[in-house]
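To keep things clear, I will list the structure first and then write my remarks on it.
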Amino acid sequence: VTGLWVGKFETGYKGSTDTESAQKNENAPEKVQIKPNVNSWRSINVSNMYNTSFNYKRNLDSHMMKNTEWGAMAYLTNSKYGRGNTEVWINNSSSFITGCAGDTKSASDTANCTNPYPDINNDNRTVFQGSTTNNISGIYDTSGGAWDTLIGNYNNTAGSSNLNPSSIPIKYKDIYIETNAGSNKILGDATGETQGWNSDYADFVNSSDPWFGHGGRYANTTGAGVFGCNNNSGYASSGNTFRIVLSPTA
């Protein structure tokens, strides 16, 4: 692709007013909202994440983010075009409020949004520390918030996702046959080659937990980060959300 648009925030559920009402395990592209200061959409399995993302804006080739797309974002974040060699600060809001940042790069969790994304009544620039560019124009919630489940999968294994990875077109997925010390990692996907960077988590997919998550959770402190990755079975978890990408060809 010549380029891609990454959701600026973790995906939210339109009409939700608290953490509980943002937890819906359904395929509902009409409920997508990508906005700051809302509750991220969680407790949704990979099948509904994938179908919601795919059907969100078909004319703009919308889809659920995959590992290599996260990798492109992560490398840009760590380059002179992003933050340089400085770490994105964690979104430590246990209420899963999008666009937040803590007071340090690995702050402990809090029920409140310590540094909310700016609006007409709020000009707190500390929140820019939670941006991939260290300013208002970047991508947020890449460290902390909820784990961003991605289409990075072990050997076309469904797990508890209710989705057959073999049915996903190749352009929308990254498939891994071997893991950890195996030879089938994908260069540039911000997993193996960045293992241990910033002390972020580095857990890889396997036959039991075949789906990748990235970024970490609000309570993961030093383990959260743009280079952090873990694995899950694809089930509807209250700690997992998803991110939408657009890659129009015109």
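Quick notes on this structure:
- Among the conditions (1) of a type in the set (S, T, N, Q); (2) without any contact (Cβ under 8 Å) to a residue 60 or more places away in the chain; (3) surrounded by fewer than 24 Cβ atoms within 10 Å (Cβ to Cβ), the only one that residue 153 does not satisfy is (3).
- Number of positions in segment 15-34 that are under 26 Å from residue 226 (Cα atoms) and among the basic types (Lys, Arg): 1
- Test result for residue 140, assigned to a loop (DSSP other than H, G, I, E, B), surrounded by fewer than 21 Cβ atoms within 10 Å (Cβ to Cβ) and either among the aliphatic types (A, V, I, L, M) or at negative phi (or both): no
- For segment 2-24, the set of residues classified as open to solvent by 80 Å² or more (accessible area, probe 1.4 Å) and more than 19 Å from residue 214 (Cβ to Cβ) consists of 2, 14, 17, 20, listed by residue number.
- Residue ID - most open to solvent (accessible area, probe 1.4 Å), chosen from residues in segment 217-233 that are out of contact with any Ser or Thr (no Cβ under 6 Å at 6 or more places or on another chain) and in a loop (DSSP other than H, G, I, E, B): 217
- For residue 160, the requirement of being farther than 19 Å from residue 245 by Cα and out of contact with any Phe, Trp or Tyr (no Cβ under 6 Å at 6 or more places or on another chain) is not met.
- Beta carbons closer than 9 Å, at least 6 apart along the sequence or on distinct chains, pair a first residue in segment 235-250 that is over 17 Å from residue 151 (Cα atoms) and touching a residue at least 12 places away in the same chain (Cβ under 8 Å) with a second that is of a type in the set (D, E, K, R) and surrounded by fewer than 17 Cβ atoms within 10 Å (Cβ to Cβ) for 248/57.
- The single residue among 92, 51, 55 that is touching a helix residue (DSSP H, G or I) at 6+ places or on another chain (Cβ under 9 Å) and surrounded by 23 or more Cβ atoms within 10 Å (Cβ to Cβ) turns out to be 92.
The values are calculated or read from the model by the stated rules, or taken from the named source; none is laboratory data. The structure presented is a predicted model; accordingly, all values stated were derived computationally and were not measured. Using ideal geometry, Cβ is built from the backbone for each residue, glycine included, and neighbour counts are taken over all protein chains shown. Each accessible area value is taken on the protein alone, full model and side chains, heavy atoms only, with ligands, DNA and RNA left out. Shrake-Rupley method; radii C 1.70, N 1.55, O 1.52, S 1.80 Å.
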